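One structure is given below, encoded as C-alpha cells.
What follows is calculated from the coordinates using simple rules that are stated; it is not laboratory data. Just so we're clear, the structure is a prediction, and the values are computed from it rather than from any experiment. Cβ atoms come from the backbone with ideal geometry, glycine included; neighbour counts cover every protein chain shown.
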Amino acid sequence: MLAVIGGSGWESWSTFQVASEVPLETPYGATSSSIQLGTVNTKPIAFLSRHGAAHSVAPHQINYRANIWALKNVGVNRVLAINAVGGIHAAMGPEALILPDQVIDYTWGREHSFWSDQVMHVDFSNPFDGALRRQLLALSERQRLGLIDFGVYGCTQGPRLESAAEIRRLKRDGCDLVGMTAMPEASLARELSLDYASLCISVNWAAGLSDKAITMDAIFAILNETRPIIQQIIEELP
Ligand code: HPA
C-alpha cells in the first residue's frame, strides 16, 4: 500500500475517500495525526498529516519515529512524502516541483533511529532511489508535468527560516533546495525498508536569493496553486 505524508497545506485533500482511522499510539509515542485509510480512484492509500490535522506540530517537534513506525505497521511499503521547500538552484524557484535525489542533514536533537539497543548501519548512499521515484519520473515524462529529476535537499532544523549567510553556506555545500522535514523521515523509512520518495514543492526563493520577504501567505498561495497537479500525481501513480 502507498502512504502519502502530507506536509504544510496538505492537512487533508478532497479526492481522498476516507474509510477508517488508525489511532495515534505507537511504541515510540503518538503520531502527528491519526492515519487515515481510504482510497483515491479505488487505489488504497494511507494518509498521514505530518504537522497534524490542525497544522500545529512544528518540524523540530514531529515524532518522525512514531509516524514511520505506524505507517509500516498498517501495511505500507512505499511512502510519497510531500515537502514544501525553498529553492536555491536557479531552476527551483517558486512553483517548481522537484524530486530530490540526495540529502544533507543539518538537523539536531531529533530522535533519528529505531536502533537504540544494537549497532546497525543502514546504507543511505542514495536516499531516494527506489521504484517509487522512478514511477514518478515516468509519470512526469508521460504527462509532461515538469518534475525536476535532481536536487540535493538540505534539511535544516527550523522552525525559523534560514539567514542569507546560512543559505550561502548550504549552496557552497552543494544544496539545491532547503526544507525542514525530509530528515530523519527518509532515513527512518530506510531503516524499516520502506521505498521513500520526496516530492518537493518550492514555495519561495531561499533566504537572500530574492529581495522579497518570505511570508506564510505567499507560501500557502503556492501550495494551493500546486494542489491540482499533486492530486493528479497521486491519482495516476501505478
Ligand atoms: N527554508 C526551509 N524550509 C522551508 C523553506 C525555506 O526557505 N520554505 C519552505 N520550507
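Odds and ends about this structure:
- Each peptide among 180-189, 101-110, 74-83 gets the average number of other Cβ atoms lying within 10 Å of its residues, and from highest to lowest they stand as 180-189, 74-83, 101-110.
- For the chain, the orientation-averaged shadow of the C-alpha convex hull comes to 12.2 nm² (one quarter of the hull surface).
- Above 18 Å, the calculated P(r) of segment 170-238 contains 57 percent of its Cα-Cα pairs.
- Between segment 180-202 and segment 100-154, the alpha-carbon centres lie 5 Å apart.
- With one equal scatterer per alpha carbon and no solvent term, the Debye-computed log10 I(q)/I(0) for segment 94-146 at 0.30 1/Å reads -1.23.
- For segment 100-183, GluC sites (Glu not before Pro) meeting the loop criterion (DSSP other than H, G, I, E, B) and having at most 15 other Cβ atoms within 10 Å: E111.
- Kirkwood-Stokes translational diffusion coefficient of segment 107-238, alpha-carbon pairs, 20 °C, 1.002 mPa s, µm²/s: 127
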